[in-house]
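Engineer: Got a structure here, written out as structure tokens. Questions coming.
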Amino acid sequence: MISFLPGEKVKEKPGRTLFELAKGVEILSVCGGLGVCGKCKVRVRKGAELLSEPTSRERTYLSPRDLDAGYRLACQARVVEEGEIVVEVPVASRRGEYVLQVEGIETPVPLSPSLAKYHI
């Protein structure tokens, strides 16, 4: 059984990735699970030994410190054995919880269009 924090439980299926199994959890993945964006970063709190070894793509996007702390890319971490796995999905890795801009400086920009309208 895999528990995705906060609150989703799914049955594990060996050979499938955490991203594939987390259909009820909104995990961000710009690349669609190909392992080239690094956005699906999750933290395995329990059962890391039941997952595949970190891939070269994970080593590209995650530092050794992150890997030691239990972070993995959901699209690369495959379940290899059945058992209890607890995965935390950080807020930064969830879809639909964006804050694109919280403050800024308004800069005046003079408009100079390349087209003009003339009435004849």
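The values are calculated or read from the model by the stated rules, or taken from the named source; none is laboratory data. Computed from a predicted model, the values in this text were never measured in an experiment. A quick note on method: Cβ atoms are made from the backbone with ideal geometry, for glycine too, and the neighbour counts reach across all protein chains shown. Note: accessible area is taken over every heavy atom of the protein model, side chains too, but ligands, DNA and RNA are not part of it. Shrake-Rupley method; radii C 1.70, N 1.55, O 1.52, S 1.80 Å.
Engineer: May I ask you to say which residue of Glu106, Glu53, Glu88 is charged (D, E, K, R) and in contact (Cβ under 8 Å) with a residue 12 or more places away in the chain?
Structural biologist: Going through Glu106, Glu53, Glu88 in turn, just one is charged (D, E, K, R) and in contact (Cβ under 8 Å) with a residue 12 or more places away in the chain: Glu88.
Engineer: Could you tell me which of the residues Val42, Val30 is open to solvent by 90 Å² or more (accessible area, probe 1.4 Å), under 11 Å from the mean Cα position of the chain (by Cα) and modelled with pLDDT of 80 or more? First the steps, then the outcome.
Structural biologist: Working: Val42 fails: open to solvent by 90 Å² or more (accessible area, probe 1.4 Å).
Only one candidate passes the filter, namely Val30.
Engineer: May I ask you to list the residues in the stretch 30-50 that are assigned to a loop (DSSP other than H, G, I, E, B), of a type outside the set (A, V, I, L, M, F, W, C) and within 18 Å of Glu8 (Cβ to Cβ)? Talk me through it step by step, then tell me what you get.
Structural biologist: Step one: filter the stretch 30-50 for residues assigned to a loop (DSSP other than H, G, I, E, B), giving 30-40, 47.
If we keep only those that are of a type outside the set (A, V, I, L, M, F, W, C) too, we end up with 32-33, 35, 38-39, 47.
Scanning the stretch 30-50 gives Gly33, Gly47.
Engineer: Of everything in the stretch 68-106, what is modelled with pLDDT of 85 or more and open to solvent by 60 Å² or more (accessible area, probe 1.4 Å)? Give them in sequence order.
Structural biologist: Asp68, Arg78, Val80, Glu81, Glu82, Glu84, listed by residue number.
Engineer: Would you mind telling me which numbered condition in (1) open to solvent by less than 100 Å² (accessible area, probe 1.4 Å); (2) of a type in the set (D, E, K, R); (3) out of contact with any helix residue (DSSP H, G or I) (no Cβ under 9 Å at 6 or more places or on another chain) Arg57 fails?
Structural biologist: Looking at each condition in turn, Arg57 falls short on (1).
Engineer: While we're here: Can you find a residue that is assigned to a strand (DSSP E or B), under 17 Å from Gly83 (Cα atoms) and among the polar types (S, T, N, Q) anywhere in the stretch 51-60?
Structural biologist: No, the stretch 51-60 contains no residue that is assigned to a strand (DSSP E or B), under 17 Å from Gly83 (Cα atoms) and among the polar types (S, T, N, Q).
Engineer: If you don't mind, there's one more thing I want to ask. Looking at the stretch 46-58, is at least one residue farther than 16 Å from Val79 by Cβ, at pLDDT 80 or above and more than 11 Å from the chain's Cα centre (by Cα)?
Structural biologist: yes
Engineer: Given (1) within 15 Å of Ile85 (Cα to Cα); (2) in contact with a Pro (Cβ under 9 Å, 6 or more places away or on another chain); (3) open to solvent by 40 Å² or more (accessible area, probe 1.4 Å), identify the lone condition not met by Glu8.
Structural biologist: Glu8 satisfies all of (1) within 15 Å of Ile85 (Cα to Cα); (2) in contact with a Pro (Cβ under 9 Å, 6 or more places away or on another chain); (3) open to solvent by 40 Å² or more (accessible area, probe 1.4 Å) except (2).
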